[in-house]
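The values are calculated or read from the model by the stated rules, or taken from the named source; none is laboratory data. Predicted, not measured: the structure shown is a model, and the values here were computed from it. With ideal geometry, Cβ positions are generated from the backbone for all residues, glycine too; neighbour counts draw on all protein chains shown.
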């Protein structure tokens, strides 16, 4: 059997050469670790060997210890929402401003651009680029579009998607597979098929400094393992040390010991909860924006958001005029307050879609010295767009003073709006998908994403820039991703 597999998959030594065919890391462990998986029958192994649509990547699965942890009952601290006298709340007036709107140019957010190409080691490998992912369960199926996400961890780049988590150095060279998902299925650059019952997704929960917070979830066994992987403290080819926990919370890390989960306050749930890394509840923040039980909710017109800026976590609950800064495990501070005046939508009208003439936040982006609010006049939904009942607007706020400039998005919808690249005349940035950081902007592009920009925004892009973009798209391969850093 080993000989058959060697001929079919080109099984190589453990010197980190990759297998040419797809991600079933647990099966690779079977061969490289002396047959640790007794559940794979000889017949199943032969089927794997003969199915060339199943592919495998090098790298063994992490050891997942089977030791449960039960958090203690109850919260440890009482919440505090007091105003910070040293940093008082900044009021942001939101309205339909008259006069000329300013163009949105990249030079407002930085003065230099660095381009780095991330490259996966195998020519047949690929990054996800709105790839269709099919999750197939026993009695259900789910499909959605997915793209590979890029983060920075210290001096490294980390990419994450349904297939796993990869590590690259600051020049874009592949370092190793940090953690791979396990699943049975098929994949190509357009479609990934995942049998859900066999799926153990490797998830990048958060990144802080040079620390990556990882998780592996076994949905069938209802088990979760986590790891804090600090790049500076270990050989880069070392496997994460995983710890099993119970009910590991979502959210983001405030520090190495505290996780903050913004829940949005739906129903009777708290608006937010803080935990330690083992899942112990530290504090619950009460939900003060509740829908009257006698009101029939047709829609949720308003939006919540949760983000990191200035090294802190921030959140805004739908139908609340305040953006809170998370100060500690039990304290949230009112940082910004939206003033919509007479055009503020009430919760009662919002949930019943009575929003004509009302202003509603649509997207919030915090940069180093400024913040962008995309908002709508009227509720945004496919029917409202078709009927012409929703109009998009954009304001650029100064972080300290709250002064706002009206921005011309050019496109009627933010999905197609671009930030003009007036620094080097190259790639414009899609307004709706940029990753703002404290030191600038991080953006990433696959070949398909550059082609999509050309398709949707060609009319607003200068001809010489169009030529540059076509040239960039032509040279990018499916196993490459262009990263753009604006400082």
*Could you run through segment 406-446 and say how many residues are surrounded by 16 or more Cβ atoms within 10 Å (Cβ to Cβ), part of a helix (DSSP H, G or I) and at pLDDT below 90?*
1
*Residue satisfying all of: in segment 461-479; touching a residue at least 24 places away in the same chain (Cβ under 8 Å) and in contact with a helix residue (DSSP H, G or I) (Cβ under 8 Å, 6 or more places away or on another chain); farthest from residue 158 (Cα to Cα) among these*: 461
*Could you please find all residues in segment 81-116 being surrounded by 17 or more Cβ atoms within 10 Å (Cβ to Cβ) and part of a strand (DSSP E or B)?*
90, 92, 113, 116
*asked:* Please return the ranges of strands (runs of 3 or more DSSP E) entirely within segment 252-354 where 1 or more residues are farther than 21 Å from residue 208 by Cβ and in contact with a strand residue (DSSP E or B) (Cβ under 9 Å, 6 or more places away or on another chain).
replied: 281-285, 312-316, 322-328, 331-339
*In segment 181-219, which residues are touching a helix residue (DSSP H, G or I) at 6+ places or on another chain (Cβ under 9 Å), within 15 Å of residue 242 (Cα to Cα) and assigned to a loop (DSSP other than H, G, I, E, B)?*
181
*Filtering segment 132-160 down to residues that are over 14 Å from the mean Cα position of the chain (by Cα) and outside any strand (DSSP E or B), which residue is farthest from residue 175 (Cα to Cα)?*
139
_Hits in segment 232-257 - residues which are more than 16 Å from residue 278 (Cβ to Cβ) and either surrounded by fewer than 16 Cβ atoms within 10 Å (Cβ to Cβ) or at pLDDT 90 or above (or both)_ = 232, 233, 234, 235, 236, 237, 238, 252
*Among the residues of segment 340-363, is there at least one that is within 27 Å of the chain's Cα centre (by Cα), crowded, with 19+ Cβ neighbours inside 10 Å, over 20 Å from residue 271 (Cβ atoms) and touching a residue at least 60 places away in the same chain (Cβ under 8 Å)?*
yes
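Residues are listed down the side, and each one gets a yes or a no for (1) farther than 25 Å from residue 80 by Cα; (2) at pLDDT 90 or above:
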residue: 271; (1), (2): no, yes
residue: 289; (1), (2): no, no
residue: 298; (1), (2): yes, no
residue: 319; (1), (2): no, yes
residue: 323; (1), (2): no, yes
residue: 342; (1), (2): yes, yes
residue: 366; (1), (2): no, yes
residue: 369; (1), (2): yes, yes
